[in-house]
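Values in this text are rule-based calculations from the coordinates and carry no lab data. Since the model is a prediction, treat every value here as computed from it, not as a measurement. Cβ atoms come from the backbone with ideal geometry, glycine included; neighbour counts cover every protein chain shown.
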Amino acid sequence: MSEENISRLDINGKEIILIGTAHVSKNSAEQVKEVIEAEQPDSVCIELDEQRYKSITEGKKWKETDIFQVIKDRKATLLLMNLAISSFQKRMANQFGINPGQEMIQGIESAKEIDANLVLADRDIQTTFSRIWRGIGLKGKAMLLAQVIASIFTKETISEEELEKMKSQDMIDSMLQEFTDNFPKLKKPLIDERDQYLAQKIKEAPGDKVVAVLGAAHVPGIKEQINQDHNLEHLAQLPPKSKIPKIIGWSIPIFIISLIIYTFITNAEAGMAQIISWILWNGSLSALGTLIAFGHPLAVLTAFVAAPITSLEPFLAAGWFAGFVQAYFRRPSVNDFERLSDDVHSLKGFWNNKVTRVLLVVIFANIGSSVGTFIGGADVIRLFIEHL
């Protein structure tokens with residue numbers, strides 16, 4: 001049995017075997033099977049959380065996704081990012097004729113075959129995304145979303161030899177360095193914190209011998225962190241929301257409404273001009289965003305009507321209302337969910353699939369409304385100054 005990509009550790013008398021894998025490598029899945037059969041560990045740890053484990057073991061469950069609940073829970077952008085990431089991984093996997101995450105599936109199957117404890121060692125993916133999203137700021141969010149969506153349509157392919165090189169120590173270090181340079185604030189929640197979480201879960205796994213199936217990028221960090229104790233509860237907490245967005249979210253509407261009321265009292269004609277400007281800029285740009293997403297005509301109308309109101313209420317968004325209407329009149333079918341991973345490979349498929357269409361309506365309507373708020377607000381201020 002080849003020891004390549006395998007690290008053996010002795011932690012307080014417990015033998016821990018780390019297998020560094022590439023998530024779409026056929027050789028990785030074969031190696032996982034060989035190691036677990038040969039070592040007969042008491043526990044097998046896999047780099048999955050409960051949500052991703054269910055996604056793998058209950059494959060058809062995701063077809064029952066309630067798109068209305070996604071919008072209600074404000075997870076349209078999160079779902080879009082998940083689709084983009086899984087699409088990229090599936091494209092790589094299809095290139096080599098295997099299933100995405102085959103090495104994790106193999107880890108689950110091999111653990112059952114030898115009756116070992118199966119430990120889901122990774123942190124909840126929603127927690128990781130939330131910690132990333134709340135920590136990178138507006139510019140970082142825009143850059144991350146743009147890069148993730150752009151990855152959907154790339155036609156780049158790599159050789160399996162290059163894929164195998166990704167499992168070497170030097171390659172990983174250089175990859176992480178480049179990753180840190182481009183998105184320095186992402187490395188901590190996406191890599192460092194998960195290294196700590198994974199290390200602690202592996203160390204706490206039952207039995208005297210543990211095999212851990214991991215993405216190769218985590219192996220160096222885990223080897224560094226496993227000799228230290230980490231608070232899993234602390235690492236699983238969501239960071240406190242900043243009060244600044246809430247303050248800004250309420251300050252802008254109060255400021256705009258105050259200007260309009262003052263202007264209207266002193267000059268009804270000028271006040272009415274401000275109201276019309278606010279409605280037209282907010283409504284038109286939100287409707288335009290919905291139109292760009294090829295939204296249903298009633299979704300476009302809903303965005304126009306909702307945007308001027310929701311822009312003055314921080315807890316509401318025009319995209320939610322437009323998305324609900326879109327989902328009602330163009331309700332995604334099971335077939336739409338089944339085609340998702342293939343449709344998101346092309347712009348045509350992305351816009352034609354009813355699931356991604358709803359997500360795009362939500363996001364584009366909100367973007368249009370946000371732009372309309374700034375332009376409409378600026379015009380309200382301009383009319384106020386002219387009146388003075």
Q: State log₁₀ I(q)/I(0) for region 294-388 at q = 0.10, 0.12, 0.25 Å⁻¹ as given by the Debye formula over alpha-carbon point scatterers of equal weight, solvent excluded.
A: -0.34, -0.45, -1.15
Q | Of the chymotrypsin sites (Phe, Trp or Tyr not before Pro) in region 213-320, those whose Cβ has at most 13 other Cβ within 10 Å and which sit in DSSP loop | A | F315
Q. Considering amide H positions built from the backbone, and no H for Pro or chain starts, which residues 5 or more places from L48, or on another chain, come under 5 Å of its amide H?
A. A121, D122
Q.
What are the ³J(HN,Hα) couplings of region 45-58, residue after residue, when phi is run through the Karplus curve with 6.51, -1.76, 1.60 and θ = phi - 60°? Round to Hz, x for glycine and proline.
A. 9, 10, 7, 9, 9, 4, 5, 6, 4, 5, 4, 6, 7, 10
Q.
I'd like the trypsin sites (Lys or Arg not before Pro) in region 226-307 restricted to DSSP loop residues with at most 11 other Cβ atoms within 10 Å, sorted by number.
A. K241
Q | Interchain or long-range residues, amide H under 5 Å from A212's placed H | A | I17, L18, I19, C45
Q) Mean separation of Cα pairs under 8 Å and 6+ residues apart, divided by the residue count of region 181-313: what relative contact order is that in percent? A) 19
Q | Part-to-part distance (alpha-carbon centres) for region 358-383 and region 198-250, which is given in Å | A | 38
Q) Counting pairs of alpha carbon atoms under 8 Å apart in space and at least six apart in sequence, what relative contact order in percent does region 258-355 give? A) 19
